[in-house]
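Presented below is the structure to which this report refers.
The values are calculated or read from the model by the stated rules, or taken from the named source; none is laboratory data. Remember, predicted model here, so these are calculated numbers, not experimental data. With ideal geometry, Cβ positions are generated from the backbone for all residues, glycine too; neighbour counts draw on all protein chains shown. Accessible surface is based on the protein model in full, side chains and every heavy atom, while ligands, DNA and RNA are left aside. Shrake-Rupley method; radii C 1.70, N 1.55, O 1.52, S 1.80 Å.
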Amino acid sequence: MTRAAITAVGHYLPEDRLTNEDLERMVDTNDEWIRTRTGISERRILWDNDKATSYMAIKAANELLDKRGIGAEEIDVILVATVTPDMLFPATACLVQAGIGATRAWGFDISAACSGFLFALNTGARFVESGQHQKVMVIGADKMSSIIDYTDRNTCVLFGDGAAAVLLEPAPDGYGLIDSVLKCDGNNWEALRMLGGGSLNPPTHETIDQRMHYIYQEGRTVFKVAVQGMADVAAEVMQRNGLTGDDIRYLVPHQANERIIGATARRMGITMEKVMLNISRYGNTTAATIPLCLHDWERQLHRGDNLVLAAFGGGFTWGATYLKWAYDGADVAAEAEAEMATEA
Ligand code: ACO
């Protein structure tokens, strides 16, 4: 069977930083509380009101095309995982298609909160595995600051903005996405939600007065299910594929809370040196966390490395994917550096 492999990664992070010290001046919180409860020190924010999720997604997509050395017209499909689309419709994927000039592509958005990238990655992989498409771009992008209430200390300390993209192509034998466990359960949907703006509560003066256009989270409820859920699926995908902690090069976890990530690593039997962790710098960027990790660790990744990607998010949605990395990241970085030196 043809498998799908990640063959390139691109990213975009806004320049502006919102630090814990900044937040201390905005709500009743403190650096120590935020760091010990979540692991976050700062996040990036796209304050510019004229720029939305598609702006970051297009930047990430263009970096990906540059690094892979291909034109946008070669892309067959664009999938954008996001809960902060520019608008309810058209899909952000259409704006990215036009923005990068992907003249042959079709695409759509996927809404699965913090599991969005994992769900989109698996959807994209099926297009490649079926033989229908050769180049599928999967983007995780969220402008969380657009749905955050910066007077609510329960949520405003947690989230940041960002985007990252991967390319899926047919994998060389034995590489690529091998197995996944993906789940959703809507019974507890109220624990993590944004009530306003959809067909249930279209925008009115009342929905605005009741702050229904902001994210709401019952932190403790979500924490309990997330710790259990993310660890369960990571362990299940390992067990199904006969993997032990020694076989795993990296856990690539959704970055919601360092304590949830630590629990998953323990359950997998791996030490924290094998965990991609950048939550301290970016916070929770929802659909962008996992591909942002792949970007930050790309140089350290070698062809044949076993990775487990794991996520938990609103819905609830959760899942884990086992893949065998298909290229030497250091080569890509060296090529990019050489190109920059030539251009300079
Ligand atoms: N600063 C100081 N105190 C705070 C803050 C803050 N920023 N926020 C909350 N507190 C207070 C609370 O009010 C509470 O006070 P009380 O006891 O007087 O009521 C106290 O701190 C403890 O609150 P808890 O909710 O018990 O704190 P907890 O240790 O659970 O940490 C957190 C909160 C970080 C939100 C945690 O519950 C968590 O990470 N939950 C899961 C997040 C997650 O995984 N989300 C899924 C992905 S997101 C998505 O899908 C879009």
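The number of residues in region 18-47 being open to solvent by 60 Å² or more (accessible area, probe 1.4 Å) and in a loop (DSSP other than H, G, I, E, B) comes to 5. Assessment of region 52-61 against the conditions (over 18 Å from the mean Cα position of the chain (by Cα) and in the same structural domain as residue 161 (by TED's automatic domain parsing)) yields no matching residue. Out of region 70-106, which residues are under 20 Å from residue 123 (Cβ atoms), outside any loop (DSSP other than H, G, I, E, B) and acidic (Asp, Glu)? The answer is 74, and nothing else.
Taking first residues from region 74-94 that are over 9 Å from residue 106 (Cα atoms) and partners that are among the aromatic types (Phe, Trp, Tyr) and modelled with pLDDT under 95, no Cβ contact under 8 Å between residues at least 6 apart in sequence or on separate chains turns up. I'd like to check something: does region 229-236 contain any residue that is in contact (Cβ under 8 Å) with a residue 60 or more places away in the chain, on the phi < 0 side of the Ramachandran plot and within 12 Å of the ligand (Cβ to nearest atom)? Yes, that holds for at least one residue. Residues in region 48-61 that are assigned to a helix (DSSP H, G or I) and either among the aliphatic types (A, V, I, L, M) or open to solvent by less than 60 Å² (accessible area, probe 1.4 Å) (or both) were compared, and the one that is nearest to the ligand (Cβ to nearest atom) is 53. Within region 232-261, being surrounded by fewer than 21 Cβ atoms within 10 Å (Cβ to Cβ) and among the hydrophobic types (A, V, I, L, M, F, W, C) holds for 235, 243. Only one of the numbered conditions (1) farther than 30 Å from residue 259 by Cβ; (2) crowded, with 24+ Cβ neighbours inside 10 Å is violated by residue 143, and that is (1). Pairs are defined by a Cβ separation below 6 Å, a sequence spacing of at least 6 or placement on different chains, a first member in region 199-226 that is closer than 16 Å to residue 315 by Cβ and in the same structural domain as residue 263 (by TED's automatic domain parsing), and a second member that is part of a loop (DSSP other than H, G, I, E, B) and within 16 Å of the ligand (Cβ to nearest atom); the pairs so defined are 215/194. Criterion first (assigned to a loop (DSSP other than H, G, I, E, B) and either within 16 Å of the ligand (Cβ to nearest atom) or buried (at least 21 other Cβ atoms within 10 Å of the Cβ) (or both)) does residue 200 satisfy it? Here the answer is no, as residue 200 does not meet what is asked.
Inside region 94-140, residues that are under 24 Å from residue 49 (Cα atoms), among the aliphatic types (A, V, I, L, M) and open to solvent by less than 30 Å² (accessible area, probe 1.4 Å) make up a count of 5.
Would you confirm whether or not region 173-185 contains a residue that is in contact with a strand residue (DSSP E or B) (Cβ under 9 Å, 6 or more places away or on another chain), open to solvent by 70 Å² or more (accessible area, probe 1.4 Å), assigned by TED's automatic domain parsing to the domain that holds residue 9 and within 14 Å of the ligand (Cβ to nearest atom)? For region 173-185, residues in contact with a strand residue (DSSP E or B) (Cβ under 9 Å, 6 or more places away or on another chain), open to solvent by 70 Å² or more (accessible area, probe 1.4 Å), assigned by TED's automatic domain parsing to the domain that holds residue 9 and within 14 Å of the ligand (Cβ to nearest atom): absent. Within region 172-197, the set of residues being of a type in the set (Asp, Glu) and assigned to a loop (DSSP other than H, G, I, E, B) comprises 173, 185.
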